[in-house]
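Worksheet for the structure shown next.
Quick note: the coordinates plus some simple rules give every number you see, no bench work behind them. Everything numeric here is computed off the predicted structure, so don't read it as measured data. Neighbour counts run over all protein chains shown; Cβ positions are idealised from the backbone, glycine included.
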Amino acid sequence: MSESLYITSTEARSGKSVIALGVMELLLRKVEHVAFFRPIVFEEDNDIKLISSHFQLPISYKEMYALTAAEISTLLAHGRQEEIMEKVIEKYRQLKDSFDFVLCEGTDFASSTAAFELDINADIANNLGSPVLLVANAHQKSFSETLQSINLALDSLNDRGCQTVATVVNRVTAGERDEALRLLAREKKLERQLVYAIPEVEPLSKPTVKEVARHLEAEVIYGHDQLHRHVYNFTVAAMQLQNFLPRVDDGSLIITPGDRGDIIIGSLAAVSSKTMATISGILLTGGLKPETPIRKLIEGFKPLVPILSVSDNTFPTAAKVDKIHAIISPDDERKIIQAIAVFEKNVNVDKLGETIIKVRPKKVTPKMFEYELIQKAKRKKRHIVLPEGEESRILRASEALLRREVVDITLLGNPDVIASKVTELGLRLDGIEIIEPKRHPDFEDYVNTYYELRKHKGITLDNAHDVMSDVNYFGTMMVYKRMIHGMVSGAIHSTASTIRPALEIIKTKPGVSLVSSVFFMCLKDRVLVYGDCAVNPDPNAEELAEIALTSAQTAKAFGIEPIVAMLSYSTGESGKGKDVEKVKIATRIAKERAKKMFPGLKIDGPIQYDAAVDPGVAKTKMPESEVAGRATVLIFPDLNTGNNTYKAVQRSAGAIAIGPVLQGLRYPVNDLSRGCTIPDIINTVAITAIQAQTVEG
């Protein structure tokens, strides 16, 4: 198994940070402990902060680099150049001793010649014994120029005995990716390695307003919460408003003197107009700020794009803006998601992963689990409805899901409200379907269907109209009618509001008597399945056995080997009482049914939690059990125990709880916690899509 990978590039601004993000995402899903390392840095290194922050690496900044450029200059000035490599190797080995894998990123080509730095990076990779991934820059180059730089780099690497496992040609002109791959396939030097081409993605190469403000040391007057907007171009406004407005494009940064109230108000009015381009912000020059009457007008506009102020005059400021080079900042979640998405779309991550690390560990870690969720969901794309379309977290998660092409999405809600929220948040949800239930052409059909399904319960047509106006009922009916494959709700609705429509309309699978739930509990070193922690208050022995078998099937479907522990407050035959007897009976029933439903399933109980998961305790309490100390699926005797336990583990152990995942329904519907985060929503949608893949139609 390889223990490291060294990412280097042919020249500056090749997009190594995009590749590093994609590779780190890949590695953390396949290897338990991964470190990030840069041999040489210049001042405060953005890539170290980016990787460390996004992946929450448990390493200090100083541990992730060997030397600064200033330290190297000092060593060279004193004739101690041999210490440079010694220091690099020493720092690398410190990380290697503590981590399973070290991802290394080479230097930034800040020296006078690219060839000099190619040699430095080749020497470092060779001395670290790291295979190399080469990143070539195709931006604004002919193919022959790009190929020449690749050959030069490969010669340098080969001369020093480095093994190059892959070459990624980055920033290829849009629409020319396939042709680039065809031409690269003819090159002999690339025959024995993986070769990929990634097209130029404009937002990644454009700075955000926050980056502009930081570079110019500008004062942010308004729009602090909108600094994530990308600057696609800039327009100097030195003419009358009627001549200026036609020159405004989407993403323009308007640069104008601070006393041009007409330009400021006109630009803000353009943001609110549905017929004008949406600007990214306004940059006021000359140290001038709007007078009080203008400020009052400005403060009335919503959403309010960023308005910055600098002391320099207009044209020197424009020249500085033109020289700003975009980076992926640690706090720019949208750019990070987009970078990973473009990497995954153009690189065969499974093949690259196998090539890099050769052997895949058997243990399922949280990162591996989350990675598999996304990959499984993408294999057979499903269509998911999100009834809470007006909620900001749902919209942000939808953008991430669409960008990574995980699922197709339909949002329910008022289209004008959703469009306004999308603009306010600066999101892109191109092509997404938005439905307002009462205005949908199938609304009356849904009403009649619900009436027919529930009239035996006393429901009238008037009742059915009111019920079907509810977004959760409407979304559930879309699933029932097979217009949609699955539904996820609960970010602003109660669990009952999400589940009740499914119980009334969709009902359970054939042969299943009840709907239950599991939580995927992502601990630091493994993923456990807890059931039932959300639906059934006090299941009897028959129901508990069914929950156990259904939970085992769910675990297996998501790549977790099911080893089932039927939990109680006593282990084996040590305790007596009504509650213990229920678990004993449930265990017997589950074992008997498993012979036909789930041959080979390991299941045991009653057993206490510590004996179920701790091998040391298991040796004392249940030494003969195949389950004790190894359980992956833990079945709680009642809702009181299960719900409190999952929350205790979540809050006290810092575990990520994904769920509740509903099981037993004919078609998938899943519930979110009202405190859910954007990653929670993404994971739950992916789970719902995977469940939908097993349903015909």
Which FRET efficiency value, to the nearest 0.05, do you get for Ala77 and Glu44 by plugging their Cβ-Cβ distance into 1/(1 + (r/R0)^6) with R0 = 22 Å? 0.45
Mind checking the angle between helix 443-454 and the chain's longest principal axis? C-alpha axes, 0 to 90 degrees, to the nearest 10. 20 degrees
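Give, in nm to one decimal, the length gained when the segment between Glu187 and Met85 is fully stretched (0.36 nm per residue of separation minus the Cα-Cα distance). Before the final figure, lay out the partial values.
Details: separation 102, 0.36 × 102 = 36.72 nm, distance 3.28 nm.
Stretched fully, the Glu187-Met85 segment lengthens by 33.4 nm.
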Amide H partners (placed H, <5 Å) of Ser568, local residues excluded: Ile607, Gln608, Tyr609
Can you find, among Ile499, Ser420, Gly353, the residue farthest towards the positive end of the dipole of the chain? Put +1 on the C-beta of Lys and Arg, -1 on that of Asp and Glu. Ile499
What do the square roots of 5 times the Cα gyration tensor eigenvalues come to for region 508-664, in whole Å, largest first, as semi-axes of the equivalent ellipsoid? 20, 19, 15
Folded to 0 to 90 degrees: helix 578-597 orientation relative to the chain principal axis, Cα: 80 degrees
In terms of the charge dipole of the chain, which places +1 on Lys and Arg and -1 on Asp and Glu at the beta carbon, the residue among Ser17, Tyr6, Gly577 farthest towards the positive end is Gly577
Just to be sure I understand the model, the point goes 7 Å from the Cα along the line to the Cβ. What's the resulting Gln56 to Leu152 distance in nm? 4.3 nm
From the C-alpha coordinates alone, can you work out the Kirkwood hydrodynamic radius of region 394-496, in Å? 15.0 Å
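Please compute the Kirkwood hydrodynamic radius over region 1-114, one decimal place, Å, based on all pairs of different Cα atoms.
Values: mean 1/r = 0.0682 Å⁻¹.
Result for region 1-114, one decimal place: 14.7 Å.
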Among the lysines, select those whose C-alpha is under 23 Å from the C-alpha of Lys188, and discard any that sit fewer than 8 residues away in the same chain. Lys141, Lys351
For the chain, what is the charge dipole size about the Cα centre, in debye to the nearest 20, if Lys and Arg each add +1 at the Cβ and Asp and Glu each add -1 at the Cβ? 1700 debye
Taking R0 as 25 Å, what FRET efficiency do you get between Arg588 and Thr508 from their Cβ-Cβ distance, rounded to the nearest 0.05? 0.60
How far apart, in nm, are two points set 7 Å out from the Cα along the Cα-to-Cβ line at Arg454 and at Ala12? 6.6 nm
Expected unfolding gain across Asp466-Thr423 under the 0.36 nm per residue rule, minus the alpha-carbon gap, is 12.4 nm
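When the convex hull of the Cα atoms of region 523-568 is projected onto a plane and the area is averaged over all directions, what value comes out in nm²?
Working: hull surface 15.2 nm².
In nm², the orientation-averaged hull projection of region 523-568 is 3.8.
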FRET efficiency for Leu297 and Thr694 from the Cβ-Cβ distance with R0 = 51 Å, rounded to 0.05, comes out at 0.35
Could you pull out the trypsin sites (Lys or Arg not before Pro) across region 231-328 that fall in loop regions by DSSP (anything but H, G, I, E, B) with no more than 16 other Cβ atoms inside 10 Å? Lys274, Lys323
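Suppose only helical runs count, i.e. DSSP H with n ≥ 4. What mean residue ellipticity at 222 nm does that imply for the chain under -39500 (n - 2.57) per run, divided by all residues and rounded to the nearest 500 deg cm²/dmol? Walk me through the intermediate numbers first.
Working: 27 runs with 308 residues, N = 697.
Value at 222 nm, helices only, nearest 500: -13500 deg cm²/dmol.
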Enumerate the whole-percent occupancy of each 10 Å bin, from 0 to the last occupied one, for all C-alpha pair distances of the chain. 3, 13, 19, 21, 20, 15, 7, 2, 0, 0
Please work out the ratio of the alpha-carbon Rg of region 484-591 to 2.2 N^0.38 Å and round it to two decimals. 1.19
Leading residue at positive end of dipole, the chain (Cβ point charges), from His325, Ala612, Gly129: Ala612
Candidates per trypsin sites (Lys or Arg not before Pro) in region 526-606, loop by DSSP, up to 15 other Cβ within 10 Å: Lys576
Find the eigenvalues of the gyration tensor of the Cα atoms of region 619-662, then list the square roots of 5 times those eigenvalues as equivalent ellipsoid semi-axes, largest first, in whole angstrom. 24, 13, 11
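Where does region 209-322 land on the Kirkwood hydrodynamic radius, alpha-carbon pairs, in angstrom?
Numbers: mean 1/r = 0.0734 Å⁻¹.
For region 209-322, the Kirkwood estimate is 13.6 Å.
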Whole-Hz ³J(HN,Hα) from phi, Karplus 6.51 cos²θ - 1.76 cosθ + 1.60, for region 483-491, glycine and proline x: 6, 9, 8, x, 9, 10, 8, x, 5
Spatial separation of Cα centroids for region 502-560 and region 1-59, in angstrom: 38 Å
Return the whole-Å distance between the Cα centroid of region 443-501 and the Cα centroid of region 121-199. 55 Å
Beyond 25 Å (Cα-Cα) in this structure, taken from Lys30/Lys621; Lys30/Lys380; Lys96/Lys524, we find Lys30/Lys621
Longer than 29 Å from Cα to Cα, which of Lys49/Lys345; Lys16/Lys62; Lys62/Lys320 are they? Say none if no pair is. Lys62/Lys320
Pick out, in residue order, every one of the trypsin sites (Lys or Arg not before Pro) in region 184-246 that is DSSP loop and has at most 15 other C-beta atoms within 10 Å; say none if there are none. Arg186, Arg192
